[in-house]
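Worksheet for the structure shown next.
Nothing in this text is a laboratory measurement; each read-out follows from the coordinates by a stated rule. As the structure is a computational prediction, the values presented were derived from the model and not from experiment. Cβ sites come from the backbone with ideal geometry, for glycine too, and all protein chains shown count toward neighbours.
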Amino acid sequence: MAADLPERAAAALARSGLVLRGGLNFEPGEPRPPGPGGAPAAAVLLVGNVGAGYWPVFTRWLDRQATPPADPLDQWSRAVIARAAAQVGARVAMPSDRPFAPFQQWAMRAGRLKPSPLGLLMHPRYGLWHAYRGALLFDAPLPGTVRPGPDGPGGHPCDSCAAKPCLHACPVAAHTAADFAAAACIAHARGPRGGACARQCLARDACPHGRAWRYPAEVLAFHQRAFTGA
């Protein structure tokens with residue numbers, strides 16, 4: 001039954017460490033990707049991680065690969081979400097798929113989140129230590145409003161953070177209110193003085209909110225290598 005689709009999808013994801021991150025029914029006339037039947041999808045459930053609960057499962061999978069794949073986290077996430085999709089009659093959408101789907105806009109609507117000064121979405125419980133890995137698309141609307149769970153959003157922590165340490169921690173001031181200088185960030189991380197930045201984003205790590213969910217050092221280093229190539 002459609003009413004229990006979120007619960008069934010969550011159960012299908014449970015052993016992977018990935019979780020449902022909320023969902024929404026699309027508005028009439030809203031641009032949207034196709035659902036499993038080929039027509040524009042009527043609803044979406046977002047899938048991702050909170051903290052690094054997925055990491056042990058992902059690394060065990062990675063250790064079993066004869067040849068390290070390109071974009072391994074994307075490939076593993078796609079396989080995990082595809083298995084869940086098969087159980088609930090959904091189509092998989094990934095942030096890396098083209099044409100790019102508006103994952104951040106979906107997440108802001110589904111979870112009532114807002115961006116931090118770094119551009120990453122701030123969660124009132126998890127801080128910046130969460131992510132969206134993919135989505136399940138459905139042909140029919142989901143009954144009711146799909147919430148991200150009992151730990152759902154409250155106020156925006158950035159609104160009450162006067163110091164904004166995230167904006168002052170980057171050695172090359174790559175983050176500003178208007179933009180993110182990705183080229184400067186990557187060049188520094190790859191350079192002779194970029195050791196700390198090659199291991200983690202110092203700006204992200206400076207945020208005081210949600211520290212209990214901070215990624216372990218090996219997870220931080222994995223994501224930073226993927227971004228900077230350092």
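A few comments on the model shown:
- Helices assigned as whole DSSP H runs in the chain whose Cα atoms extend at least 20 Å along their own long axis and whose mean Kyte-Doolittle hydropathy is -1.0 or higher are found at 72-88.
- Value of Rg to Rh for the chain, rounded to two decimals, is 0.97; Kirkwood radius and Rg both from alpha-carbon coordinates.
- Once the Cα-Cα distance is subtracted from the 0.36 nm per residue extended length, the residue 63 to residue 27 segment shows a gain of 8.7 nm.
- Placing a label point 7 Å from the Cα of residue 87 along the Cα-to-Cβ direction, the residues of the stretch 32-64 whose backbone N falls under 17 Å of that point are 45-49, 54, 57-58.
- Over the stretch 1-91 - Rg/Rh using Cα atoms and the Kirkwood inverse-distance radius: 1.02
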